[in-house]
Structures are given as structure tokens and as C-alpha cells.
Amino acid sequence: EFDRCLQLLKPYLDFDLFALLYPSIDETERVTASARLEQTEVTQPALFVIEYALARLWMSWGVQPAAMIGHSVGEYVAACLAQVFSLEDALRLVAVRGRLLQRMETGAMLAVMLPEAELAPYLSMGCDLAAVNGPALCVLSGPIAVIEHIEQQLGKQGAECRRLHVSHAFHSRMTEEICPVFVDAVAEIQRNTPKIPFFSNLSGDWITDQEATSAEYWGRHLRGTVRFNDGLHRLLSNPAQVILE
């Protein structure tokens, strides 16, 4: 499945993804590949390919998912496995998504070990809440200067925070100008109702058939906060389930 994904991706990429994921032992090439992998247009298809191939590997061993949850690009993997998108269409969308984000002005993202409520004052400084990943683990996203200033302020208050290795500000207002273009791209492909239940990052709850098949939903997904903590909380409320990451 990994090789199949790479072959299907070739028409949509102007770089060799395999060479970046598996560079030679030459140190210069490895450093170059590592830096390139931090670029959005490379990162997004790389994440999809690895997650999809890993899921298919487990499924080939007889481990079939009763439900799925993904994080940002991971939701595309869940949607593809649920047959909302064909594999080729999902790969095309992820490649388009990566290219569009790459064209944006550069930005930054900051993981902060604080609850969502305590970050509300910082949202008025020109950044956005990109993700809520845990009860006290959130991600802020925005222009580099804004994120640097907030990082300094949080540091003075003793809050633990860490810059993410990304080239752009995902799930922030900086994505708004590309959202309509991406919605048009989604509208061009076939969408089907999910055959396997999965969670919506936008609501933190089970995705509905209407959401999964809506081009506008995937545009909002590009911009909105990833409510991963809500989804996990709902998923883990059933102790009978076996969770496989």
C-alpha cells in the first residue's frame, strides 16, 4: 500500500517523496531531506501515506476498525478508509491541500501546556486556537512575530510551551484566503457516506453523513480548531473498546 500510494501521488507532486522519507546515508542529503520534510507541501502527503499504509497493514492482519479518529490530515486517512474518498482522490486532495498551504505567508505554531480557557486572552493578540489535544495541551497558530511574542509572555509566566517544526500556521485565520479554492477542489471529486464511523475534528463528535460528503465541511476543517481532546474523551468513554494508535 505504501508503494501504491507513492505511485498514485506522482502526478500531483514535483518532488520524490520516497527519496525524502528514505534519504541515503550521506549526511548532507539527510539534513536536506529533514529540512524539506518540514515544508507543508511535503509533510502533508508524507503523513497521509504513512498513516494510510500502516492502517492497511493492520487491516491485512485481520484487525478491522470499528471506529476511527484522526488528527487534522489524519482525518483524511479515516475518511479514505471509510470510503468517503477513493484513495486516488484522497491523495490528490492532500497534495492540493499541502500546495495551497505552502503558498501562504509563513507562520508558526506553539504547543502550550495549558487548558483552553487559560489561553483565551492570547487569542486577541492576532493568533488562533489551532488544536485542543488534551485537557491541558493546546496549540496556538499565527504569524511568526505574534507567536514569538506570545511565547515570550507565556515563558515569563512559567508556562511550558514548545514551537512546532512547521513552516506555516495551520488552522488559523491565515488559511482563510485558500479555503474557497480548496472547497472547489473537494467539490470536483466523488464523496460517499462513511462505511466506518469516524470522528470530526471540528465538532469533536461522530461525523455525520452530511458533513463527510460536504465540500464546505472540508473547507471549514482546514481553518477550524482541531478538537481532538473532545473526540478522544468521547471515544474513551467506552471502556470495552481496544484503542490502537
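The values are calculated or read from the model by the stated rules, or taken from the named source; none is laboratory data. Nothing here was measured: the structure is a model prediction, and the numbers come from that model. With ideal geometry, Cβ positions are generated from the backbone for all residues, glycine too; neighbour counts draw on all protein chains shown. To get the accessible areas, we keep the full protein, side chains included, count just its heavy atoms, and leave off ligands, DNA and RNA. Shrake-Rupley method; radii C 1.70, N 1.55, O 1.52, S 1.80 Å.
Show me the ranking of peptides 62-75, 140-153 by mean Cβ neighbours inside 10 Å, starting with the highest.
140-153, 62-75
From Cα pairs below 8 angstrom and at least 6 apart in sequence, can you work out the relative contact order of segment 1-143, rounded to a whole percent?
22
Taking a 1.4 Å probe, which of Asp14, Asp3, Asp89 shows the most accessible area, and what order do the others take after it?
Ranked from most to least accessible, the order is Asp14, Asp3, Asp89.
May I ask you to rank Trp61, Trp206, Trp218 by accessible area, largest first, using a 1.4 Å probe over the protein chains only?
Trp61, Trp206, Trp218
Report Rg/Rh for segment 118-185, rounded to two decimals, where Rg is the Cα radius of gyration and Rh the Kirkwood radius.
Computed over Cα atoms, the ratio is 1.01.
Solvent-accessible area per residue for segment 1-51 at a 1.4 Å probe radius, Å²?
The answer is 60 Å² per residue.
Could you work out the per residue convex hull volume over the alpha carbons of segment 88-245, in cubic angstrom? If you can, show how the numbers build up before the last one.
Values: hull volume 20.5 nm³, N = 158.
So the per-residue Cα hull volume is 129 Å³.
Could you size up the charge dipole of segment 169-245 around its Cα centre, putting +1 on the beta carbon of Lys and Arg and -1 on that of Asp and Glu, and report it in debye to the nearest 20?
180
By what distance, in whole Å, do the Cα atoms of segment 68-181 stretch along each of the three principal axes, largest value first?
48, 30, 21
In angstroms, what radius of gyration and Dmax does segment 46-101 have, counting Cα atoms only?
Considering segment 46-101 through its Cα atoms, Rg and Dmax are 11.2, 37 Å.
In whole Å, what is the distance between the alpha-carbon centres of segment 126-202 and segment 1-37?
One Cα centre to the other: 25 Å.
Quick check: at a probe of 1.4 Å, how many percent of the accessible area of the chain sits on carbon and sulfur atoms?
The computed percentage sits at 54.
Note down the magnitude of the dipole of the chain about its Cα centre, charges +1 on Lys and Arg C-beta and -1 on Asp and Glu C-beta and zero elsewhere, to the nearest 20 debye.
Working: 19 positive and 30 negative charges, 46 e Å.
Using Cβ point charges on Lys, Arg, Asp and Glu, the chain gives about 220 debye.
So how long is each side of segment 7-74 along the principal axes, counting just the alpha-carbon atoms, biggest first, in Å?
On the principal axes, segment 7-74 reaches 43, 23, 22 Å in Cα extent.
According to the Cα gyration tensor, what semi-axes, each the square root of 5 times an eigenvalue, does the equivalent ellipsoid of segment 8-120 have, listed from largest to smallest in whole Å?
Listed largest to smallest, the semi-axes of segment 8-120 are 24, 23, 16 Å.
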